[in-house]
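Shown next, in structure tokens, is the structure this report addresses.
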Amino acid sequence: MMFTAENQSDYPVVGDVVTISETGPGQAQIQAIMPRKTLLRRKAAGKDAVQPIAANIDVAFIVQAVDRDFNLNRFERYLTIVSKGKIEPIIVLNKIDLISRAELEDKVAQIKGRFQNIKVLTASAEDSSGIKGLAKAIKMGKVYCFLGSSGVGKSSIINKLLGRELLKTRMISTSTKKGKHATTHRELFVLDNGGMVIDNPGIREVGLGDASEAVANVFGHISKLAKHCKFVDCTHDHEPGCAVLAALESGDLSRDKYLNYVKLKKESDYYAMTDLEKRQKDKSFGRMVKNVMKHKKKKQ
Ligand code: GDP
Ligand code: ZN
């Protein structure tokens, strides 16, 4: 298999179903990878190929904490990655114990307003509220993963679902260097109901290679204006009721900044949805992001 592999996608990843031939006691050789139903992959900056991360995941829980982490653009980024891999998304808002019911309702409404037809669940791994609802969403024989920034509570939620502290949470890993829990390396967990959770650092970090967040950060001003556009999917190019174009007109937004944004945004959208045929564009985009960052630093 190694001899016939043409690129990284030809190698097995976690979640793959493979055929093997036994070569000795406890030893086997992978002969072939069965066709993948879904494929979670990332596009790392500067690299010219898509990197497969995990195969055959049915549903991805996209997790954010309701506190500082809450960010609709980030949800969008993960949703793009997930839909590109043909994986079904479910949005999870965690740490709801930290906010009031009214605040939570507002956040859920924001999500539903921006992303139609996507299931939204709320949870607290702290007081276990919503964990039953999450467990209910997990079906026998299906494969799940948890995506989201570090610290949003993915390990805590998975531990709750397992009913055991199999995954180290951050507090434990920082207070005691080793962590008091068994740290057997495992990437696939089977829940009591027969649903499976796949988890490893590569899966967790799948969103990091993308640049739309960089776009949002670099052009914070425009992102803020964009919230007032008439259409949620406004490209700020020609749409009526576009707040960005209005600011451009009034001089509130400089022409340079705007043009830069449009360019970077275009590249970023491409970047999030890239495929092998478009690999050439990537290098120049990486360079551009770096440049923009550099300019931003100079200005501060
Ligand atoms: P991960 O990096 O996404 O796996 O996050 P962890 O599961 O390690 O959690 C990060 C921190 O958030 C830990 O200190 C958890 O105890 C805490 N945490 C996780 N879930 C909740 C929650 O629902 N409410 C509150 N208040 N804290 C939580
Ligand atoms: Zn607009």
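Every read-out reported here was derived from the displayed coordinates using simple, explicitly stated rules and does not represent laboratory data. Worth saying up front: this structure is predicted, and the values here are computed from it rather than measured. We place every Cβ from the backbone using ideal geometry, glycine too, and count neighbours over all the protein chains shown.
Given the Cα-Cα distance of ASP252 and ALA5 and 0.36 nm per residue of separation, how much length would full extension add, in nm?
Fully extending the segment from ASP252 to ALA5 adds 83.5 nm.
Search the structure for amide H atoms under 5 Å from the amide H of VAL92, placed 1.01 Å from N in the peptide plane, and list their residues when 5 or more places away or on another chain.
Result for VAL92 returns ILE62, VAL63, GLN64, LEU121.
Using the Karplus equation 6.51 cos²θ - 1.76 cosθ + 1.60 (θ = phi - 60°), what ³J(HN,Hα) coupling, rounded to whole Hz, does each residue of region 5-22 give in order, writing x for Gly and Pro?
Each residue of region 5-22 in turn: 5, 9, 8, 4, 5, 7, 9, x, 10, 4, x, 5, 9, 10, 9, 10, 10, 6 Hz.
Between HIS221 and SER100, what length comes free when the chain is fully extended (0.36 nm per residue of separation minus the Cα-Cα distance, one decimal in nm)?
My answer for the length gained is 40.7 nm.
Before anything else, pin down the relative contact order of region 1-154: Cα pairs under 8 Å, at least 6 apart, normalised by residue count, whole percent.
22 percent
Taking 0.36 nm per residue of sequence separation and subtracting the Cα-Cα distance, how much length would be gained by fully extending the chain between THR19 and ALA109, in nm to one decimal?
Length gained, THR19 through ALA109: 27.8 nm.
Please give, to one decimal in nm, the separation of the simple spin-label points placed at GLN29 and GLU88, each 7 Å out from Cα toward the Cβ.
Each label point lies 7 Å from its Cα, and together they span 3.9 nm.
³J(HN,Hα) across region 197-202 via Karplus (A = 6.51, B = -1.76, C = 1.60, θ = phi - 60°), whole Hz, x for Gly/Pro?
10, 9, 8, 7, x, x
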